[in-house]
Amino acid sequence: MKKVKMGMLSSKEKENALNEVRILASIQNPFIVQYKDVFYEENTHTLCIVMEFAAKGDLLNKINKS
């Protein structure tokens, strides 16, 4: 899950975070980790983006192992 603290972001950054959710939700590709859900934690002002679990790690992990 990716967490984005929205409280300290500018209006443009908030808009970008919401656009990221829209883009992730629209992508259906076996080579891209799938978007599952999104929710907002009121008490922490955090946008939580739930993604498919990548059992073999993330791209940064793969790059660092090379």
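The values are calculated or read from the model by the stated rules, or taken from the named source; none is laboratory data. Predicted, not measured: the structure shown is a model, and the values here were computed from it. Quick reminder, even Gly has a Cβ in these numbers, built from the backbone with ideal geometry, and neighbours come from all protein chains shown. Note: accessible area is taken over every heavy atom of the protein model, side chains too, but ligands, DNA and RNA are not part of it. Shrake-Rupley method; radii C 1.70, N 1.55, O 1.52, S 1.80 Å.
Carbon and sulfur atoms: what percent of the 1.4 Å accessible area of the chain do they account for?
58
For the chain, with the dipole built from +1 on Lys and Arg beta-carbon atoms and -1 on Asp and Glu ones, taken about the Cα centre, which of 51, 66, 40 lies farthest toward the positive end?
Going by the charge dipole, the pick is 66.
What is the set of long-range amide H partners of residue 51 at a cut-off below 5 Å, with H atoms built 1.01 Å from backbone N?
2, 36
Compute the long axis of helix 11-26 from its Cα atoms, compare it with the longest principal axis of the Cα atoms of the chain, and write down the angle in degrees, 0 to 90, nearest 10.
40
Compute and list, largest first, the equivalent-ellipsoid semi-axes of region 8-66 from the alpha carbon gyration tensor, each √(5λ) rounded to a whole angstrom.
Listed largest to smallest, the semi-axes of region 8-66 are 25, 15, 12 Å.
Mind checking the full-extension length gain between residue 37 and residue 2? Use 0.36 nm per residue of separation minus the Cα-Cα distance, one decimal, nm.
11.5 nm
Cut-off under 24 Å on the C-alpha distance; same-chain residues fewer than 8 positions from residue 65 excluded. Which lysines are left, in chain and number order?
Within the straight-line limit of under 24 Å, residue 65 reaches these lysines: 2, 56.
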